[in-house]
Structure formats: C-alpha cells, structure tokens
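The values are calculated or read from the model by the stated rules, or taken from the named source; none is laboratory data. Remember, predicted model here, so these are calculated numbers, not experimental data. Neighbour counts are summed over all protein chains in view; Cβ atoms, including those assigned to glycine, are modelled from backbone coordinates with ideal geometry. With ligands, DNA and RNA removed, areas are computed over all heavy atoms of the protein, side chains included. Shrake-Rupley method; radii C 1.70, N 1.55, O 1.52, S 1.80 Å.
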Amino acid sequence: MNGAAAPPERSPSASPPPASPSPAQAPPSPSPTQPLDWRFSQVFGERSAGEEVQDVDIISAIEFNKSGHHLATGDRGGRVVLFERTDVKDNACRKDAEKADYSISRHPEFRYKTEFQSHEPEFDYLKSLEIEEKINQIRWCQAANGALFLLSTNDKTIKFWKVQEKKVKKVSEMNLDRSTAPANGSPGAMGYLSPSVSNGSYLKPGELPFLRLPVVVTSQETSLAASCRRVYAHAHDYHINSISNNSDGETFISADDLRINLWNLEISNQSFNIIDVKPTNMEDLTEVITSAEFHPTHCNTLAYSSSKGSIRLVDLRQSALCDTHSQIFEQHEAPGSRSFFTEIIASISDIKFSKDGRHILSRDYMSLKLWDVKMNSGPVATFQVHEYLRPKLCDLYENDSIFDKFECCQSGDGLRVATGSYSNIFRVFGCGADSNEATTLEATRNPTRRQLQNPTRAARSLSTLTRAVRRGGESAGIDANGNSYDLSTKLLHLAWHPSENLIACAAANSLYMYYA
C-alpha cells in the first residue's frame with residue numbers, strides 16, 4: 001500500500017541530525033504543523049447494513065499495551081478480546097525497518113489473538129442490586145516470561161488476568177502389551193491391569209503387571225490460556241469508573257464516585273483508602289469523582305477529576321489520606337453565563353496524562369482541554385467539540401445524551417489529541433506550536449468521505465475549533481455548518497498507539513483502526 005501519510009508520522013526521527021528527541025516534546029521541524037493524512041487500516045466485527053447489534057456485543061473499553069504490539073477490548077457482555085500486531089515481529093526488526101523506510105509502504109496490521117470471559121452478571125443480595133458484567137476499563141500490566149498480564153473491571157470487581165501460550169499435550173498411545181492387548185490398542189473392556197491380575201489371580205514373585213498408562217507427548221501446537229490470578233472485590237460501595245497502574249509496577253488505584261483505593265497487585269484482600277470525598281451528611285455532597293490516573297513516571301503522583309470540572313493533583317507522600325491536593329486545575333466560568341446546564345456540561349468524563357507527564361488532557365461534554373501541570377491558571381489549549389449542540393442542551397438533557405461520557409487520548413509525541421463524538425465520528429486536533437490541524441473522521445472504511453473544511457485556529461493557544469457531526473437518524477439534527485448529526489450513534493471509546501499515529505476506536509460492536 002502507498003503510505004503517503006507516513007512521513008509526518010516519523011518526522012522526529014526523519015530530521016537530519018538524529019538527536020532522538022523526547023517523544024512528548026515537539027521537535028523544531030515545521031512538519032508537525034501539517035495535518036496528517038488518515039487512512040483506513042482494519043475493521044473487526046463490521047456489521048452489515050441493517051444488522052441489529054446485540055447490547056452485549058457493544059465495545060465498552062479499548063487499550064493498547066505499552067509496546068503497542070497488543071490491543072485489548074472489553075464489551076458489555078463481560079468479554080475481553082485481545083489482538084496482536086503481525087507486521088512487526090520484534091523491536092530490532094522495527095528499528096531496522098524504520099531506518100530503511102521499509103515500513104512506510106505498509107500499514108499496521110493486527111489479528112485476533114484470543115478472548116475470554118472476564119466478568120459474569122452478579123446479584124448483591126444484601127443491597128438487592130444487580131451488578132452488570134460490562135467491562136468499564138482495561139489496563140495492561142508489565143509482561144513477564146512471555147506472558148501478558150492485564151487488569152479488567154466492571155462496576156464492583158477488578159480482576160488480574162494472565163494470558164500465556166501453552167504447548168498442547170496429547171495422548172499419543174497406550175503402553176500396552178501388544179501380545180495381550182486388543183488389536184486397536186484401546187483399553188477395551190479390560191481393566192488397567194493385565195488379565196492375570198484383573199481376574200483375581202496372583203502374580204508370581206518378581207513378575208510385574210502390564211499397566212495400561214497413556215503416553216503423553218508435547219506437540220508443536222500451542223493454545224492460548226487465560227487464567228484469573230487474583231480478584232480484588234468488596235472495596236467499593238459505588239460504581240468503579242477508573243483503574244490505573246502505577247509506574248512502580250507493583251500497585252494500582254481504583255476509583256468510584258466518592259473514593260480512591262490503592263492496591264498491591266500481589267494482595268487481593270486488602271486495599272488502602274487514599275482519597276475519600278464522602279461528606280458526613282450526604283445532603284452536603286456537591287461533586288463526585290469521575291476519573292483518576294497515575295502519573296506515567298512519578299509513582300507518588302496521581303490526578304483525579306470531578307463532576308464540577310476540576311482536576312486535582314495529589315502527592316501520596318504528603319499523608320496517608322490525601323484529603324488535600326497539591327494542585328487544582330479548573331477554568332472559572334464567565335460572569336453571568338451560569339445556567340441550569342453549566343455544571344452538567346462541565347463534568348469531566350476522562351483525563352489522560354501525556355507520555356512525559358507534563359500535560360493533562362481532559363474531556364468534558366463540550367470540549368477537550370489541555371493543561372500544563374506547572375500552570376493551574378487555566379488550560380493552555382481548548383478544542384471545541386460540541387459547541388454546535390449548545391442551543392440543544394434542553395433536548396439533550398431530556399434524552400440523557402448530555403450525560404454521555406466520551407474518552408480522550410493523546411499521541412505518543414504529544415503533538416495531537418483525539419476524542420469521539422456523535423454519528424460515529426472522532427476528531428483529531430493538533431496541539432503543537434502554531435498548529436491549526438483539526439480533522440474530522442468517520443468510523444467507516446472511508447473515514448474522510450464527508451470531510452469538512454478545517455476552521456482556522458485562534459492566534460493564541462486557546463482555540464475555538466468547532467467541528468461538525470454527520471449522518472442523520474432517528475435522533476438527527478443539523479449543526480451550525482449544515483451537517484447532520486445522529487445522537488443514537490456515538491463513538492465513546494478510542495485509544496492512540498503509544499509510539500505511532502494509529503488510532504483504534506469503537507463504533508458499537510465494531511473496532512476500527514486508522515493510521516497516518
């Protein structure tokens with residue numbers, strides 16, 4: 001295939017002096033300001049026209065592992081499906097291919113690896129509460145000895161899984177005495193001992209019976225086995241919305257609406273409550289926790305977002321119970337602009353640290369915001385996603401669409417961010433210096449079939465990159481640019497490859513991949 005968009009992808013390493021710039025720092029080359037040419041790569045679970053999608057098949061979580069060689073998805077039926085990359089065998093081959101520009105002519109290829117049932121529906125008899133099997137989040141852990149490890153969670157229970165290839169063992173033959181055994185070599189109707197023993201007769205001194213034991217040999221065939229190593233349960237009274245691995249490789253956090261717990265991967269029956277925002281009187285509750293994530297390199301730092309649109313940075317070294325934050329990031333509303341919907345649309349649905357930990361990307365209902373962890377006066381960039389829906393907030397509240405939780409992601413080099421929207425589209429914005437990149441793509445085999453003209457970006461970092469949505473339907477409308485949008489189809493979950501311009505996104509039960 002002709003990978004015309006590959007040069008922008010490799011711009012940091014393509015510059016003449018290979019100074020190996022940090023993945024999250026924009027190189028001085030002007031190439032990052034050029035919009036990427038996104039192309040369709042693959043689709044798994046594509047549905048035909050008119051095909052009805054079962055609710056249990058809808059994808060609810062997507063995550064690349066640290067190397068990008070594996071991808072995991074979870075669905076509402078409690079299943080976890082793993083995919084592995086096939087066009088790159090190992091890191092050495094990858095480096096050689098990049099030097100020879102060999103990979104430019106190829107697009108990334110993944111294949112189905114295995115799947116397993118992670119969670120089952122449960123019922124809490126004490127609270128008369130049904131617990132769905134839906135996978136809320138998946139997080140990869142460090143691989144070891146050729147095995148893959150990952151965490152998956154539903155509303156109440158977190159599980160630690162090991163996925164490993166095992167060689168298949170087969171029974172090749174039975175070590176029968178051919179003179180007395182049936183011709184076909186099967187045990188037949190006789191017992192496990194020779195006839196002289198099974199019929200009650202005695203053996204002569206020194207005589208051994210002919211035992212019929214199977215001869216087991218290890219074949220060259222392999223099978224993937226997923227085993228649940230640990231179950232972390234009974235630690236959350238409210239629904240778990242986030243799990244996040246620590247960079248120390250030993251601990252992780254789990255967050256629900258009011259609490260964040262710290263776990264050790266090796267200990268499943270004990271956790272430490274490190275953040276508790278539950279008031280003494282629940283009538284005094286004003287905000288809840290919506291997302292939480294560990295810093296990618298500082299094992300003592302984590303961030304969590306709230307329904308009021310604030311992000312708090314916490315240092316675990318300050319105290320055992322982190323009631324106070326080290327920093328808070330929030331954007332204050334303009335005077336006189338407050339309405340009934342102000343707090344609802346300000347609620348942050350997802351936060352992500354950049355690869356180097358210098359920035360935090362947040363997604364609320366209307367926009368994406370990029371924050372500098374050293375500057376809490378306001379976001380360094382704002383990307384408008386749903387501004388055209390502002391006149392429709394009342395209708396969105398009536399049909400609950402205003403509570404949809406869209407995820408966000410950032411490229412490994414820190415130059416671009418992405419998030420989903422309605423009509424199964426997602427937006428890619430450039431956040432590098434002087435970048436005006438704003439691309440709208442649809443989760444189909446032809447992602448740019450209804451491409452919009454990119455609007456201009458504000459001179460300063462704050463921007464009003466208004467985007468449009470497409471395709472009409474039963475919940476269709478028209479945005480400010482005259483394009484139709486469909487509230488019944490929404491792209492909530494997406495993930496960016498850790499080192500390449502490759503995005504995986506979920507449209508209902510279908511997994512689409514795009515590269516540039």
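General observations
- Taken over the range 149-178, the residue count meeting the criterion of being of a type outside the set (K, R), at pLDDT 55 or above and outside any strand (DSSP E or B) is 5.
- Filter result for E98 (closer than 27 Å to V428 by Cα, open to solvent by 20 Å² or more (accessible area, probe 1.4 Å), of a type outside the set (V, I, T) and at pLDDT 75 or above): no
- Every residue from the range 229-243 that is open to solvent by 60 Å² or more (accessible area, probe 1.4 Å) and either of a type in the set (D, E) or within 21 Å of the chain's Cα centre (by Cα) (or both): R229, V231, D237, H239
- The range 392-411, residues that are surrounded by fewer than 21 Cβ atoms within 10 Å (Cβ to Cβ) and either in contact with a Lys or Arg (Cβ under 9 Å, 6 or more places away or on another chain) or among the hydroxyl-bearing types (S, T, Y) (or both): Y397, S401, D404, K405
- Scan of the range 63-72 for residues that are open to solvent by 10 Å² or more (accessible area, probe 1.4 Å) and under 13 Å from L511 (Cβ atoms), ordered by number: E63, F64
- Residue within the range 454-473 that is at pLDDT 90 or above and open to solvent by less than 10 Å² (accessible area, probe 1.4 Å) present: no
- Qualifying positions in the range 310-331 - closer than 14 Å to I289 by Cβ and in contact with an Asp or Glu (Cβ under 6 Å, 6 or more places away or on another chain): S310
- Flag for D257 being in a loop (DSSP other than H, G, I, E, B) and either surrounded by 16 or more Cβ atoms within 10 Å (Cβ to Cβ) or hydrophobic (A, V, I, L, M, F, W, C) (or both): yes
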